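The values are calculated or read from the model by the stated rules, or taken from the named source; none is laboratory data. Since the model is a prediction, treat every value here as computed from it, not as a measurement. Quick reminder, even Gly has a Cβ in these numbers, built from the backbone with ideal geometry, and neighbours come from all protein chains shown.
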Amino acid sequence: TRGRKVVEEFITLEQFIIDQQERFPHSTGAFSRLLRDISVAAKIVNRDIRRAGLVDIFGTTGKVNIHGEVQQKLDALAHEEFVRALRRGGECCLIGSEEHAEAIPLSANGEGDGRYIVLLDPLDGSSNVDVNVSVGTIFSIYRLPDEYETPTLEAALQPGSKQVAAGYIVYGSSTMLVYTTGNGVNGFTLDPSIGEFILSHPNIRIPKTGSIYSINEGNFNSFEEGLKRFIRWAQEEDKATGRPFSTRYIGSFVSDFHRNLLKGGIYMYPATKKNPEGKLRLMYEANPMAFIVEQAGGRASDGHRRILDIVPEKLHQRTPLFIGSEELVRTVEEFLQGKR
Ligand code: P6P
């Protein structure tokens, strides 16, 4: 240590994945390689986002995605980077992406033996990039059920309870990758000087309650009565329950979710006049975050049903979403179900 800074012990994501794999002696390593492929794509997208202001990748492609939303160039770039990384890695046989109307089979005509399905929101909240607000990627991973020889959309439409892993990358003041495989939730921060994700938030637990709520109150008039009552309740003075709550709404789900996961709080995107089914998509927004929040001790519902129990019918179907600290989600459910 003569004159040299003693490097703190740190664990890279790669090392963490290998350590986790050793808990499953029969594992072939395919899942570990899939997670690595995702982390490589995340680093590439991170690079693209960090330089967005410098090269012409702002603005839109002029195309609209299947939801009628103008596709930002970075949306398309992020989608392509993840598809390329997953195709190159060979462990994924089918991708469902917000940016693509149909599911994308990767092992065309049966070649390749990838047995994992990845659902993806390549860049959620991308309209925030050109105003320098954090955005994120969300991913959800299923196994191709044994009864399927080749991957089909039907094989992808599994309830969230069947996910083998879920995670997100938040491209914020630092870039973090947070994921679960059903053994708790762990967060890794990218050290750009060495290009490695370093374990920075081991075993994340969401506080049982909190005093932050995230919702677009511009839609207040179209909220159902129970939700209006919850919001009025949240704004009453009651020191014992930390009220009045604070609202924090960034307009970027991954960022709002990540802050609430660490500090406690609830994110709500209910049915509104403009989005009568809610705005968030079940397969690649609500399900992965519901898996993560439950693994961290929180709760996620559509106001009546557990998100992970919803049996999907369409790749891009939407759902109302109430997600975060267990007590806050239970409270809003009581208001929505007329019990308060
Ligand atoms: P609104 C971004 O488009 C997004 O899908 C989420 O990231 C965000 O929380 C929400 O929509 C914002 O929607 O209707 O409040 O602008």
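Conditions (1) touching an Asp or Glu at 6+ places or on another chain (Cβ under 7 Å); (2) modelled with pLDDT under 95; (3) farther than 29 Å from S134 by Cβ, marked per residue:
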position	(1), (2), (3)
R4	no, yes, yes
F10	no, yes, no
I18	no, yes, yes
E22	no, yes, yes
P25	no, yes, yes
G29	no, yes, yes
L34	yes, no, no
A41	yes, no, no
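When only residues in the stretch 237-266 that are within 14 Å of the ligand (Cβ to nearest atom) and basic (K, R) count, which is surrounded by the most Cβ atoms within 10 Å (Cβ to Cβ)?
R259
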Q | Selection status of A234, on the phi < 0 side of the Ramachandran plot, crowded, with 21+ Cβ neighbours inside 10 Å, without any contact (Cβ under 8 Å) to a residue 40 or more places away in the chain and within 16 Å of the ligand (Cβ to nearest atom) | A | no
Q. Which of the residues that make up the stretch 267-277 are near the ligand (Cβ under 10 Å from one of its atoms), touching a helix residue (DSSP H, G or I) at 6+ places or on another chain (Cβ under 6 Å) and over 16 Å from A300 (Cα atoms)?
A. T272
